[in-house]
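Participant: Structure provided below as structure tokens; questions to follow.
Every read-out reported here was derived from the displayed coordinates using simple, explicitly stated rules and does not represent laboratory data. If you're wondering where the values come from, they're calculated on a predicted model, not measured in any experiment. In this analysis, Cβ positions are derived from the backbone assuming ideal geometry, glycine residues included, and neighbour counts consider all displayed protein chains.
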């Protein structure tokens, strides 16, 4: 499940993810909202908070995520990923080579520090 965090403001978007993300999460919630914000602001900074209950992506959602990332690889200013399991951190390091923006990972207890970095 995807929720947009109340701390989001203009081109800074906080996203809370839990459970297993699905194609519907992307098509119904995430992609339309981000596309609208990309159209409005050009570049976005994203804070992705993965809750303890986060299980990953189903196959179609993983494709949706990769497609969105590739399509907008030059449109991310910063990406902060908070609470990622080790396997997600490994994937983030690989994706970092494709992105123009800066990517950092934070532990779950560093959520406030992640917000400070993303806004800085």
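Participant: Please work out the C-alpha center-to-center distance from segment 78-111 to segment 1-45 and express it in whole Å.
Facilitator: What the calculation gives is 16 Å, centre to centre.
Participant: Rounded to the nearest 5, what is the percent of antiparallel bridges among the DSSP beta bridges in segment 2-119? Walk me through the numbers before you get to the answer.
Facilitator: Values: 4 of 23 bridges.
Approximately 15 percent, going by the DSSP bridge assignments.
Participant: Separate question: Going by a ≥ b ≥ c, the root eigenvalues of the Cα gyration tensor, does segment 1-69 fall in the rounded group (a/c under 1.5), the prolate group (a/b larger than b/c) or the oblate group?
Facilitator: Values: a/c = 2.23, a/b = 1.34, b/c = 1.66.
Oblate.
Participant: Take residue 71 and residue 94, extend 7 Å from each Cα along the Cα→Cβ direction, and tell me the distance between the two endpoints in nm.
Facilitator: In this crude label model, residue 71 to residue 94 measures out at 2.2 nm.
Participant: State, as an integer percentage, the relative contact order of segment 2-119 based on alpha-carbon contacts under 8 Å between residues 6 or more apart. Before the final figure, lay out each step's value.
Facilitator: Values: 197 pairs, mean separation 30.4, N = 118.
Once normalised by length, the contact order is 26 percent.
Participant: Once you order the gyration tensor axes a ≥ b ≥ c over the Cα atoms, which shape class does segment 2-119 get: rounded for a/c under 1.5, otherwise prolate or oblate by comparing a/b with b/c?
Facilitator: Details: a/c = 1.21, a/b = 1.03, b/c = 1.18.
Cα axes put segment 2-119 in the rounded bin.
Participant: If I take every Cα pair under 8 Å that is 6 or more residues apart in segment 1-47, average their sequence separation and divide by the length, what percent do I get for the relative contact order? If you can, show how the numbers build up before the last one.
Facilitator: Working: 52 pairs, mean separation 20.4, N = 47.
Averaging sequence separation for qualifying contacts and normalising by length gives 43 percent for segment 1-47.
Participant: Using Cβ contacts closer than 10 Å as the measure, can you line up 116, 78 from fewest to most? Could the numbers behind the result be given before it?
Facilitator: Values: 116 11, 78 19.
Sorted ascending by nearby Cβ count, the order is 116, 78.
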